[in-house]
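Read-outs: derived from the displayed coordinates by stated rules, not from any lab. Small disclaimer: the values here were computed from a predicted structure and weren't measured. Ideal geometry is used to build each Cβ from the backbone, glycine not excepted, and the neighbour counts take in all protein chains shown.
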Amino acid sequence: MLSYIGFSQTDLNNYKYIIVPKKFEGFKDVNQYQTSTLIKYLFDGKGFTPVYDDALPEDLNMNRCLGLLAELRDDSNLFTTKTKIALKDCNGLEVFTTMEGTSKIKEYKEAFNEAIKAAMRSFNNMDYAYNGEQSAKASQAPITVSFKNDVKQLKESKVSNANDYKDAKESKMVIEQKATETEQLYKDKTPIASNMTKGEKSAPEFKQLEIKKPNEDEVWYAQSTENGYQLVDSTPKIRMQLLKSSADNVYMAQSDEKNGMVYEKDEQWIFEYYENGELVQEKLNIKF
């Protein structure tokens, strides 16, 4: 066992990041049972640098081999929750797999919490420290540079630019001349630069509206749908449909009585709609 841990320690030191998926394979929802947030938190506590798969640092985005992808394996049965965490490199090869963590708790969230923590004990005896090996491999990769036809193109570009400038200069100079025995005319019609500047559009001013406060006891729970979310109360009854828009945290909202839009402002969810020709803003208590 000590020999195995030493070998794995050396392998893990070659990688700078642990990539944690926001949604693990086999799960229906993002961060279901808080598995993603828990695993990222536990890796961070053990000295690693975990990042979510949709928020990669610049160097990892340029070189995916700097990180290991975390994979949560769920081998649970009817009576026991069983999990393992595998780490795979950029080629899909498995570098490390934890021991199996188990839980007899019936509630899914608490059961996965206990089983994941048990599996993560496999990292307790490791003194992880990134050694920069993957960065060194990337910097040593051969770079092929071709200068074929570059000099020729540069010369042609200079000549072309010079001719373009000459033609443009001559085209802007418009002179009307006329010289006869009875009439002599000279008018310079070259355009004169204007000192007028383009006005900047001012940002539209939004009318300040009184926001209706929600009933403190009324909480709506967001359930994922194909096009967004549905909001249900504690009955449970579907109270509103939220449809995704092209903007983040902005949804088109449909209820039995009102249609409008729901968006996030100052960490609050606002339902905006028209009622009797007046624009109304109403706070919602939404739990995602």
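Taking the Cβ of residue 20 as the center, what net charge do the other residues with Cβ under 12 Å away carry, scoring Lys and Arg +1 and Asp and Glu -1? Mind showing how you got there, number by number?
Values: positive: 22, 23, 40; negative: 44, 53, 54, 71.
It works out to a net charge of -1.
With both labels modelled 7 Å from their Cα along Cα-to-Cβ, the residue 124 to residue 233 distance reads 4.8 nm.
Taking a Cβ cut-off of under 14 Å around residue 237, the surrounding Lys, Arg, Asp and Glu residues balance to a net charge of -3, with basic ones at +1 and acidic ones at -1. Treating the range 211-287 as a set of equal point scatterers at the Cα positions, no solvent, please give the Debye-formula log₁₀ I(q)/I(0) at q = 0.12, 0.22, 0.24 Å⁻¹. Debye curve over Cα of the range 211-287, log10 I(q)/I(0) at q = 0.12, 0.22, 0.24 Å⁻¹: -0.30, -1.07, -1.27.
Can you check what the net charge comes to around residue 251, using other residues whose Cβ is under 12 Å from the Cβ of residue 251 (Lys, Arg +1; Asp, Glu -1)? Walk me through the intermediate numbers first.
Numbers: positive: 244; negative: 248, 264, 272.
Result for the local shell: -2.
On a 22 Å Cα-Cα criterion, which of the cross-link pairs 28/244; 23/287; 23/283; 22/104; 23/84; 244/283 come out too long? Pairs exceeding the cut-off: 23/283; 22/104.
Each peptide in 241-249, 269-277 gets a packing score, the mean of other Cβ atoms within 10 Å over its residues, and the list from highest to lowest is 269-277, 241-249.
Modelled this way, with points 7 Å down the Cα-to-C-beta line, the labels at residue 109 and residue 28 are 1.6 nm from one another.
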